[in-house]
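A.B. asks: Have a look at this one.
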Amino acid sequence: MTFFAVDALSMEFGGIRAVDCVSFTVEPGEVFTIIGPNGAGKTTIFNLVSRIYDPTDGRLIFLDEDITRLPPHKIAERGIARTFQNIELFEHATVLQNLLLGRHVHKRTLFIEELLFLPKVRRLELKHREAVERVIDFLDLQPHRDSLIVNLPYGVRKVVELARALSTEPKLLLLDEPSSGLNVEETDDMAFWIQDIKELLGITVLMVEHDMRLVSAVSDRVLALDYGRPIAVGTAGEVQADPEVIRAYLGG
Amino acid sequence: MDGRRRPVLDIIVQLTLNALAVGCIYGLVALGFVLIYKATELVNFAQGDLMMLGAFTCYMFVVWYGIGYWPAFALAVAIIGLFGAALDWLILRRVIGQPQFALVMLTIGLGAIFRSLASMTWGSEIYTLPTPFSAHQTMVGGVSVSHEYLSIILGTVILCAVLYAFFTHTRLGVAMQAASQNQLAAYYMGIPVKRVFSLIWAISAGVAAIAGVLLAPVSLIDINLGFIGLKAFAAAVLGGFGSIPGALAGGVTIGMIELFSGAYLPQGFKDVAAYVVLLIVLVVRPQGMFGTVGRKRV
Amino acid sequence: MRFVFKTTYQQDLALFRDKFQRDWYLALMACLLVLPMLLPEYLVDFSLVLIFGLCALSLMVLAGFTGLVSLGHAAFLGIGAYAHVYFSQDLGLPWILSVALATGLTAAVGVLVGTPALRMTGIYLTIATLAFALIIQEVFNRWDAVTGGLRGKAVEKPVIFGVALHSDAAFYFLCLAFLVGGLWITRNVLRAPTGRAWVAIRDSEIAAESMGVNLAVYKTMAFACSAAMTGTAGALFAHQVGFLAPDIFTVLLSIQFLLMVVVGGLGSLHGAIYGAICVALLPVLISEARDRVPDWFGQLFGVFGKSAGLAVAAAVDRFVKQPGLEPGIFGLILVLFILFEPQGIYGRWVKVKLYFSLFPLYKRATFARQKSYMKSERLR
């Protein structure tokens with residue numbers, strides 16, 4: 001069974017090929033990282049997978065299903081969750097409310113039932129709350145549970161972003177530059193979280209990252225992109241030693 | 001030029017000119033919307049009321065103080081332009097950064113205040129403005145062409161040409177775009193953002209005043225003149241809310257559509273034709289005739 | 001300073017934070033029930049407050065919680081009003097059924113308006129609702145058979161299950177029941193997944209979509225819900241006003257509804273009620289002031305001599321009796337609130353409460369807005 005596969009994916013923006021015939025597969029339970037210089041098309045691939053953009057060419061396959069034409073909100077239902085590079089949290093809500101929104105894919109109540117707040121709704125709300133509290137425990141967010149996002153520092157917001165994605169109980173987690181804006185300590189914490197997500201929660205991680213320390217620490221396999229085209233794939237060590245990759249990053 | 005009057009052609013030409021003239025007025029008010037929107041991303045719901053104030057101010061100078069038409073015109077435009085700049089300087093500057101909805105409400109409130117002030121200063125009756133064009137006509141090919149409509153059309157074309165040249169051949173246009181897309185970065189680049197905005201407001205208010213004075217001989221002056229602003233929305237949206245020629249094209253198109261709805265559709269459709277067009281455009285092609293669609297980068 | 005010690009998740013879900021808050025609201029309810037005995041001459045105005053409260057609530061759900069600003073809610077009010085009068089008087093349907101049908105019809109129109117709105121963002125949606133309201137007003141003017149056109153339509157008193165409600169007090173209780181019901185329903189939805197989805201749509205559509213929220217469905221639901229509540233309010237409004245005419249449901253009324261939401265405080269249910277109280281009672285206040293303010297000025301300046309006092313009183317009297325003053329006052333209040341109190345009355349109340357609970361350690365900077373720079377909303 002194909003867990004997740006990208007097949008000849010291409011994206012054109014008015015003449016510019018941001019993503020050019022990219023193909024790779026992700027095995028269940030691994031951490032797969034995409035690296036590349038700025039403008040290589042990494043976040044574009046993420047936006048294509050979460051269906052914010054429509055690809056010009058190619059296919060996306062998840063759990064043997066062709067998800068290339070699926071509307072964006074169905075992607076979360078299938079079990080793919082993502083974080084955003086520039087944090088898209090709900091600014092005027094509390095951490096708890098943000099995480100509870102992550103449970104939306106598990107909503108089993110009808111509107112009319114919610115209008116009257118039937119016991120079924122109450123029961124399911126408590127279940128959602130318990131699930132979210134498990135995520136809060138996992139990521140040590142207890143002190144921030146009732147804080148508004150606007151009042152939180154950047155490092156904590158990144159963790160909340162991760163927590164919200166985890167609340168959906170995904171099978172595949174897309175992390176868009178998880179260490180951007182974090183200092184060394186926070187990046188180390190992030191590395192531990194990612195390892196825990198892989199080993200304790202059994203979630204497959206597809207990641208875009210710049211920080212090579214983090215990439216080497218957690219990745220099972222790495223794909224290097226340059227100008228939208230794949231130039232190397234393998235373990236972190238192999239890819240970093242590849243002459244094409246060195247040329248793409250350092251020029252010459 | 002056989003000197004015979006051709007009554008049917010006469011009526012058609014008159015109606016068409018009327019529609020064109022009204023369309024030009026829509027275009028001018030839409031232009032005011034577009035200028036402010038491009039600069040500050042604020043939709044100025046008080047634009048129509050600024051137009052009303054312009055018309056009243058000119059009326060006041062001509063009828064109460066006996067000044068000639070052209071000096072009164074210039075004075076009215078200057079005063080309303082300064083008023084627009086003052087509005088920005090005193091009030092709008094304090095609310096930049098708030099969500100768009102709050103700014104929209106602010107301009108709605110300002111519009112209500114303008115109407116109230118106008119009714120207290122000049123009374124709530126209907127007035128006429130005597131102009132050099134009133135009730136003058138020329139015969140062209142056996143068809144009478146009213147000077148009032150001509151003045152509106154010519155005035156609009158000249159004004160739009162001047163503004164277009166101003167914005168494409170000066171650094172102000174580029175500065176405007178920068179300040180509208182990312183204020184903080186514009187500050188870093190040395191653009192005096194606040195002064196640029198005040199200038200845009202002054203120009204937009206001036207354009208509204210010109211529209212008001214041009215419109216005055218055709219439609220009578222009263223405090224509800226500003227409701228034309230609502231139809232000008234349709235013009236602005238149709239034109240794409242992004243460019244000077246677009247606003248004018250949108251305005252003229254709405255004028256023409258109103259003309260044909262009045263002629264061919266049952267009664268009452270003419271009044272709502274502009275709004276129906278607005279809804280259709282927003283649903284089918286929100287970027288209008290000339291606009292572009294943007295998308296947030298995540 | 002009072003701490004609420006929570007031991008169960010149920011407490012977070014409950015309607016009231018603790019017994020203290022619940023008792024406070026029960027006391028408020030008791031006062032409202034006794035009001036007809038204490039102030040019978042203002043009952044009609046209070047009924048209007050309750051009806052406008054329902055409208056403010058519906059607009060708060062749409063604009064405050066889902067972020068879809070509508071300048072056309074007067075149209076929904078009108079549709080509800082005319083539909084109810086048509087169903088109950090022209091078709092002779094029982095009152096409850098007529099109100100239910102009117103609500104359903106308004107909700108359907110809300111869906112009709114909401115569906116194209118899915119493709120519009122921010123200001124375009126507001127303009128579209130404005131256009132819609134203007135078109136509906138023209139429909140009210142022209143559709144003689146149902147609305148009576150420009151002549152208007154007289155409305156009889158409500159007759160529920162054969163019991164005629166002729167007294168002001170009975171009607172007041174009816175409106176109170178509807179408002180409390182509306183508040184309860186809204187509170188329920190807001191603490192359930194749908195309410196959270198709405199708030200998510202307001203704050204970040206892209207993130208909401210990535211979390212599985214079907215934008216189309218939820219935005220349409222918000223429109224339908226809001227329109228339905230306004231439609232119900234419209235049915236009550238028809239009885240309150242006694243005579244329906246198209247020039248009641250103008251853009252100015254829609255603006256007044258938005259005023260309620262802004263003045264009360266966007267994003268809070270309390271705000272809806274505070275806003276409704278302000279806007280519904282403002283005309284009453286203005287007319288009372290019109291009678292009394294000239295005399296006060298006269299007395300004040302009477303210090304300088306009797307004739308001076310009389311002259312000032314006459315001048316102020318002329319000023320306040322001008323017809324164009326009322327919309328100007330509304331506009332002024334709106335502008336002042338946006339400039340100085342952007343979080344509305346409810347926001348001010350929260351700050352006052354914090355002041356007293358933190359006394360004497362309160363710092364004004366707690367709520368100081370960070371200097372913010374405008375970022376383009378065009379690219380959403």
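Only the coordinates and a few stated rules stand behind these numbers; no lab work does. As the structure is a prediction and not an experimental result, all values here were calculated from the model. As a convention, Cβ positions derive from the backbone with ideal geometry for all residues, glycine included, and neighbour counts pool all protein chains shown.
A.B. asks: Starting from the exponent 0.38 and prefactor 2.2 Å, build the expected Rg for chain A from its residue count and divide its actual Cα Rg by it.
C.D. replies: 1.05
A.B. asks: Once you treat every alpha carbon in chain B as an equal point and sum by Debye, what is log10 I(q)/I(0) at q = 0.07, 0.12 Å⁻¹?
C.D. replies: For chain B, the Cα-only Debye profile gives -0.27, -0.79.
A.B. asks: Can you list residues whose amide H is under 5 Å from A:VAL19's amide H, if they're 5+ apart or on another chain and H is modeled 1.01 Å from N?
C.D. replies: Under 5 Å from the amide H of A:VAL19 lie the amide H atoms of A:MET11, each far enough along the sequence or on another chain.
A.B. asks: Which whole number gives the average count of other chain Cβ atoms within 10 Å of the Cβ atoms across peptide A:102-112?
C.D. replies: 4
A.B. asks: Output the pairs from A:LYS107/A:LYS127; A:LYS127/A:LYS158; C:LYS19/C:LYS353; B:LYS38/B:LYS194 with a Cα-Cα distance over 22 Å in this structure; if there are none, say none.
C.D. replies: Flagged as over cut-off: A:LYS127/A:LYS158.
A.B. asks: Report the equivalent ellipsoid semi-axes for region A:51-201 in whole Å, largest first, defined as the square roots of five times the eigenvalues of the gyration tensor built from alpha carbon atoms.
C.D. replies: Semi-axes (√(5λ), whole Å): 25, 24, 14.
A.B. asks: Once R0 is set to 45 Å, what does the formula 1/(1 + (r/R0)^6) return for the Cβ-Cβ distance between C:GLU138 and B:ILE67, expressed as a FRET efficiency to the nearest 0.05?
C.D. replies: Taking R0 as 45 Å, the efficiency between C:GLU138 and B:ILE67 is 0.65.
A.B. asks: Separate question: If eta is 0.890 mPa s and T is 25 °C, what Stokes-Einstein diffusion coefficient results for region B:175-289, Kirkwood Rh from Cα pairs, in µm²/s?
C.D. replies: 151
A.B. asks: What are the principal axis extents of the Cα atoms in region A:142-252, in Å, biggest first?
C.D. replies: 51, 28, 24
A.B. asks: Counting DSSP beta bridges in the protein assembly as shown, what percent are antiparallel, to the nearest 5?
C.D. replies: Antiparallel bridges make up about 65 percent of those DSSP assigns within the protein assembly as shown.
A.B. asks: What FRET efficiency, computed as 1/(1 + (r/R0)^6) with R0 = 60 Å and r the Cβ-Cβ distance, is obtained for B:VAL284 and C:LEU310, rounded to the nearest 0.05?
C.D. replies: The computed FRET efficiency comes out at 0.40.
A.B. asks: Rounding to the nearest 20 debye, state how big the charge dipole of the protein assembly as shown is about its Cα centre with +1 on each Lys and Arg Cβ and -1 on each Asp and Glu Cβ.
C.D. replies: Roughly 1300 debye for the protein assembly as shown.
A.B. asks: Going by how many other beta carbons lie within 10 Å of each one, how would you line up C:VAL113, A:VAL233, fewest first?
C.D. replies: A:VAL233, C:VAL113
A.B. asks: Sticking with this one: For a label point 7 Å from the Cα of C:VAL4 along Cα→C-beta, name the residues of region C:14-32 whose backbone N is under 18 Å from it.
C.D. replies: C:14-29
A.B. asks: Output the antiparallel fraction of DSSP beta bridges having both residues in chain A, as a percent to the nearest 5.
C.D. replies: Antiparallel bridges: around 55 percent, rounded to the nearest 5.
A.B. asks: With a 10 Å Cβ neighbour count serving as the proxy for reagent exposure, in which order, fewest first, do B:MET176, C:MET29 appear?
C.D. replies: Ranking B:MET176, C:MET29 by Cβ neighbours within 10 Å, fewest first, gives C:MET29, B:MET176.
A.B. asks: Tell me, what HN-Hα J-couplings in whole Hz come from the Karplus equation 6.51 cos²θ - 1.76 cosθ + 1.60 at θ = phi - 60° for each residue of region B:107-119, using x for Gly and Pro?
C.D. replies: 5, 4, x, 4, x, 5, 5, 4, 4, 5, 4, 4, 5
A.B. asks: Explain nothing, just the number: relative contact order of region C:40-248, from Cα pairs under 8 Å at least 6 residues apart, as a whole percent.
C.D. replies: It comes to 45 percent, rounded to a whole number.
A.B. asks: Using modelled amide H (1.01 Å from N, peptide plane; none on Pro or chain starts), what sits under 5 Å from the amide H of C:ILE160, excluding residues fewer than 5 places away?
C.D. replies: C:LEU165
A.B. asks: With a cap of 16 neighbouring Cβ atoms within 10 Å, and only residues DSSP puts in a loop, list the chymotrypsin sites (Phe, Trp or Tyr not before Pro) found in region B:29-106.
C.D. replies: Listed in order of number, the matching sites are B:TYR65.
A.B. asks: Another question, if that's okay. Which trypsin sites (Lys or Arg not before Pro) in region A:20-120 pass both tests, a DSSP loop state and at most 12 other beta-carbon atoms within 10 Å?
C.D. replies: Taking region A:20-120 and a limit of 12 other Cβ atoms within 10 Å, the loop trypsin sites (Lys or Arg not before Pro) found are A:ARG69, A:ARG108.
A.B. asks: Still on this structure: Can you give the net charge of the other residues whose Cβ lies under 13 Å from the Cβ of A:GLU77, counting K and R as +1 and D and E as -1?
C.D. replies: Here the charged neighbours net out to +4.
A.B. asks: Region C:1-97: which trypsin sites (Lys or Arg not before Pro) are DSSP loop and have at most 14 other beta-carbon atoms within 10 angstrom?
C.D. replies: Counting only loop positions with at most 14 other Cβ atoms within 10 Å, the trypsin sites (Lys or Arg not before Pro) in region C:1-97 are C:ARG2, C:LYS6, C:ARG17.
A.B. asks: Find the all-direction average of the projected area of the Cα convex hull for chain C, expressing the result in square nanometres with one decimal place.
C.D. replies: Mean projected area of the Cα convex hull: 24.3 nm².
A.B. asks: Separate question: How many times 2.2 N^0.38 Å is the alpha carbon radius of gyration of the protein assembly as shown?
C.D. replies: Output field value: 1.05.
A.B. asks: Can you run phi through the Karplus equation (6.51, -1.76, 1.60; θ = phi - 60°) for region B:181-191 and list ³J(HN,Hα) in whole Hz, with x for Gly and Pro?
C.D. replies: With the stated coefficients, region B:181-191 comes to 8, 7, 4, 4, 5, 4, 4, 4, 7, x, 7 Hz.
A.B. asks: Which value, in nm² and rounded to one decimal, describes the direction-averaged projected area of the C-alpha convex hull of region C:40-248?
C.D. replies: One quarter of the hull surface, i.e. the mean projection, equals 11.5 nm².
A.B. asks: Here is a follow-up. Sort A:SER219, C:SER70, A:SER147 so that the residue with the fewest other Cβ atoms within 10 Å of its own Cβ comes first and the one with the most comes last.
C.D. replies: Placing the least packed residue first, the sequence is A:SER147, A:SER219, C:SER70.
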